[in-house]
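None of the figures in this text is laboratory data; all of them are computed from the coordinates on show. Note that the coordinates shown come from a computational prediction; the quantities given were computed from them, not determined experimentally. Cβ placement follows ideal geometry from the backbone for every residue including glycine, while neighbour counts extend to all protein chains displayed.
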Amino acid sequence: MTFSTVNRDDLKAFIEWFGGNNVLTGDTIDEEYAHDELKTVHRRPDALLKATDEAAIRRLLAYANERGIPVTVRGSGTGLVGACVPVEGGVVLDMTPMNKILDLDKDNLTLDVEPGVLLLDIAEHVEKEGLFYAPDPGEKTATIGGNIATNAGGMRAVKYGVTRDWVLGLRVVLADGTAMDLGGKVVKNSSGYSLKDLIVGSEGTLAVIVKATLKLIPAPAKAISLLMPFSSREAALVAAPKLIAHTTLPTAVEFMEQDMWKYSESFLGKNIPHDEHAAYLLATYDATTEGAVDEIVECASAFAVDKLDAHDVYLIDTDDRKQSVWNARGAFLEAVKASTTEIDECDVVLPRSQLPGYLSFIQDLSESTDLRIPYFGHVGDGNLHIYLCRDDLDEATWKEKTAIAFDAMYEEAAKCQGLVSGEHGIGYAKKTYLRRHSDARQLELMEAVKTAFDPKGILNPKKIL
Ligand SMILES: Cc1cc2nc3c(=O)[nH]c(=O)nc-3n(C[C@H](O)[C@H](O)[C@H](O)COP(=O)(O)OP(=O)(O)OC[C@H]3O[C@@H](n4cnc5c(N)ncnc54)[C@H](O)[C@@H]3O)c2cc1C
């Protein structure tokens, strides 16, 4: 497909609809709009438009569709697979200025938001009202539009599910500029194919999300985390599914080995308590009364020590301990990045029972490729974050080794009945692996969906497929 580049007449039209201050070109566009958080994919847009309102977006899309100008939607740019990078040039549409919280409906327990609202602002807004939006992806400065477009996961997925489970309705603008509402303030919906669920996780390739209706529930009274040390990786990974199957039902079960704490400690300049063990599970429990949480925590602790061979169970209950452990956990990605010259990442998701074997394979791969490959995991949902570190490799060797390592990692994940991405999406960086490890008929159906929504392919071209 050949696309048009943005010309003077296009810019005039954009300025009329978005206002002069919201249309940027050339060097006035900050370099950050040429990449996402991981910086493995680069391309500057011809024009950057700051989203103002739905009407302007409708006019833009109708026009871009007619002219064949690519439009790449962008939230906060915290993605890790190049999904918000305009690889075919054209327009980047920055949604962060559309950041109003529109309506909190206490009768229907819903929250209407514009797509540029940050995850951290949603949490703060609903918590003041004693309510809870459960999805908890690690990067709190991501937009809700970006979270929906990537079907973001996060720590609490074990008990509460992922972003898709909390999106009741969407208002979207299609590639031809038509706007429509999908789903709504309804808790159930069996009304034909769920177009809303197709948009969730579509990474800006099917439509632009201009409003979302989110599900809320009453907030738990409190949440307590338990840090459980184990003598080995294997022991922690064997314990994890048993902990999840136990009646105490954790909200989150994170897995890490000692090296990840050390990366974080050196990055943050602070030690976490009890960092001397080989491997850990970090499990969180919540409930609707404080007494119930205390009871659950006591029961889970006894189970971990008596039945799962945890060395001990450390209560992460004071503000100080919570901050130190969760800040260190939240810094893993940044800490690994800071430990080397460049990283690339793999976000496979596997049946939980396959994790011990898969991570042994990763260790062997690290040795055979002579690459440093740290990892940690949302082990509660079988999702691993595995990083390849460049260290002092020259460009050619780095490219060669990452290709060998990724080929092997995705191949092995497929053998373990795993999938290419658990939560970061496919974007541009993981397309090869989606194609390689998907059934041909499935890919045809995905291509047909893309064509049905966006026949001229202007929305975020060259992504996912
Ligand atoms: C430290 C760190 C921790 C992270 N932890 C997690 C985690 O726990 N779980 C997880 O899932 N991810 C995680 N991520 C990845 C990232 O934060 C998520 O993918 C997030 O959902 C991206 O949101 P964003 O606003 O930054 O979107 P961007 O990166 O700007 O865009 C991501 C995709 O969404 C599309 N998009 C954005 N807004 C819209 C819209 N309004 N309409 C249509 N499409 C749109 C873009 O086109 C692009 O395809 C983490 C990232 C970092 C840096």
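Miscellaneous remarks
- Radius of gyration (Cα atoms) of the stretch 222-333, expressed as a multiple of 2.2 N^0.38 Å: 1.01.
- The order of the peptides 46-55, 300-309 by mean Cβ neighbours within 10 Å, most packed first, is 46-55, 300-309.
- Note on R441 and D275: the extension gain reaches 54.9 nm, defined as 0.36 nm multiplied by sequence separation minus the Cα-Cα distance.
- Here is the tail figure for the chain: Cα pairs spaced more than 34 Å apart come to 36 percent of all pairs.
- Packing-based order for 264-273, 440-449, 75-84, 129-138, using average beta carbon neighbours within 10 Å, highest first: 75-84, 129-138, 264-273, 440-449
- Derived value for the stretch 8-97: Kirkwood hydrodynamic radius 13.0 Å. Basis is the mean of 1/r over every pair of different alpha-carbon atoms.
- Evaluated with a Cβ-only charge set (Lys, Arg +1; Asp, Glu -1), the stretch 335-439 carries a dipole of roughly 340 debye about its Cα centre, given to the nearest 20.
- Percent breakdown of C-alpha pair distances by 10 Å bin, ordered from the shortest bin, for the stretch 340-440: 15, 51, 30, 4
- q = 0.17, 0.21, 0.22 Å⁻¹, the stretch 275-402: log10 I(q)/I(0) [Debye, one scatterer per Cα]: -1.06, -1.36, -1.41
- Local electrostatic count, A62, Cβ distance below 14 Å [Lys/Arg +1, Asp/Glu -1]: -2
- With K and R counted +1 and D and E -1, the other residues having a Cβ less than 12 Å from that of E444 yield a net charge of +1.
- Couplings 3J(HN,Hα) for the stretch 76-85, derived from phi with the Karplus relation 6.51 cos²θ - 1.76 cosθ + 1.60 (θ = phi - 60°), are 8, x, 8, x, 10, 10, x, 5, 9, 8 Hz, where x marks Gly and Pro.
- Span-like helix ranges in the chain, DSSP H, alpha carbon extent 27 angstrom or more, Kyte mean at least 1.0: none
- Counted charge near E276, where neighbours are those whose Cβ lies closer than 15 Å (Asp, Glu -1; Lys, Arg +1): -4
- For the stretch 37-150, a/c is not less than 1.5, where a ≥ b ≥ c are the root eigenvalues of the C-alpha gyration tensor, and a/b does not top b/c. That puts it in the oblate class.
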